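Have a look at the structure below before the remarks.
The values are calculated or read from the model by the stated rules, or taken from the named source; none is laboratory data. In this text, all values refer to a predicted model and were calculated from it rather than measured experimentally. Quick reminder, even Gly has a Cβ in these numbers, built from the backbone with ideal geometry, and neighbours come from all protein chains shown. The area values use the complete protein model at the heavy-atom level, side chains included, leaving out ligands, DNA and RNA. Shrake-Rupley method; radii C 1.70, N 1.55, O 1.52, S 1.80 Å.
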Amino acid sequence: MKIKRIVAYIIDIFIISFISSALFLLPIFKNDYKNYANITEEYTSAILNAGSEGLDYDIELDYLYNMTKSSQPLNIITCGLIFLYFGIFSYLLNGQTIGKKIMKIKVVPIKGKKLNVNLYMIRTILLNNLLLRIASIISIIYLSKSNWIIADTIISCISNAVIFLILGFMVFRDDERGLHDVICQTNVIECKKEKV
């Protein structure tokens, strides 16, 4: 079941990434996309021209800061899609996403509780680190480069810790429930084969 859950999540993230990237190419984001593409191209060129010494640390940080700043519309789109896809879409499809449908698994509440949209919203926020993603977006918008580096490092460490906790719960618990499942009182089960 663990493998099915991981594969389903990878499929779902791929779908979200594809849709986010497609939306980022819409004319409304034309200037943002051009800016991001230009900075990325400059950064790649600078790395290739730097040779064996590599880029100066401060110059590399400038590029990373500017690339991150210019990709914020994409990050905002992705956060919105994650919330809609894993929260609302999953609720409307009775605990399944496209990835879960393919892997024939679904999310269900435990202890005879009813399917609850709030449960899926909280589960989505926990599973996908949405609060930390939003904190990261806010930090790049409002903080100076030096403060952003500190904030981004802290946010990344917390995000990694949450991911390890979620996976740790799944791997080491007998019922294979992740931290998000324990908090939201949900479980992922295999779908029963329908009789024809």
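Spatial offset of the stretch 128-196 relative to the stretch 57-115 amounts to 10 Å, using the alpha carbon center of each. Counting heavy atoms of the protein chains alone, Met67 has an accessible area of about 30 Å² for a 1.4 Å probe. Of Ile150, Ile15, Ile125, the residue with the greatest mean-square motion in the GNM of the chain, using alpha carbon springs below 10 Å, is Ile150. The per residue volume of the convex hull around the alpha-carbon atoms of the stretch 58-196 is 132 Å³. Using a probe radius of 1.4 angstrom, the carbon and sulfur fraction of the accessible surface of the stretch 77-196 is 67%. Considering only Gln96, Leu131, Gly168, and ranking their Cα positions along the charge dipole of the stretch 45-168 that arises from unit charges at the beta-carbon of Lys, Arg, Asp and Glu, the one farthest toward the positive end is Gln96. Using Cβ point charges alone (K and R +1, D and E -1), the dipole size of the chain about the Cα centre works out to roughly 1620 debye. Against the empirical 2.2 N^0.38 Å (N residues), the stretch 1-125 has a Cα radius of gyration ratio of 1.42. Axis angle, to the nearest 10 degrees, between helix 30-50 and the longest C-alpha principal axis of the chain: 60 degrees. Projecting the Cα atoms of Thr68, Asn49, Val107 onto the charge dipole of the stretch 49-196 (Cβ charges, centred on the Cα centre) puts Val107 farthest toward the positive pole. Computed over protein heavy atoms with a 1.4 angstrom probe, the accessible surface ordering of Leu119, Leu23, largest first, is Leu23, Leu119. If only the Cβ of Lys and Arg carry +1 and only the Cβ of Asp and Glu carry -1, the dipole of the stretch 22-77 around its Cα centre is close to 440 debye.
If you run the Gaussian network model on the chain, springs between alpha carbon atoms under 10 Å, then out of Thr124, Thr186, Thr44 the most flexible one is Thr44. On a per residue basis, the stretch 97-196 carries 62 Å² of accessible surface, using protein heavy atoms and a 1.4 Å probe. The lysines whose alpha-carbon is closer than 25 Å to the alpha-carbon of Lys111, local same-chain residues fewer than 8 away aside, are Lys2, Lys4, Lys100, Lys101, Lys192, Lys193. Of the accessible area of the stretch 16-58, with the probe set at 1.4 angstrom, what percent is carbon plus sulfur? So the carbon and sulfur contribution to the accessible surface is 57 percent. Roughly how tilted is helix 57-70, in degrees to the nearest 10 and between 0 and 90, from the longest Cα axis of the chain? Relative to the chain, helix 57-70 is tipped by roughly 50 degrees. Of Cys157, Cys79, Cys191, the order by accessible heavy-atom surface (1.4 Å probe, DNA, RNA and ligands excluded), from most exposed downward, is Cys157, Cys191, Cys79.
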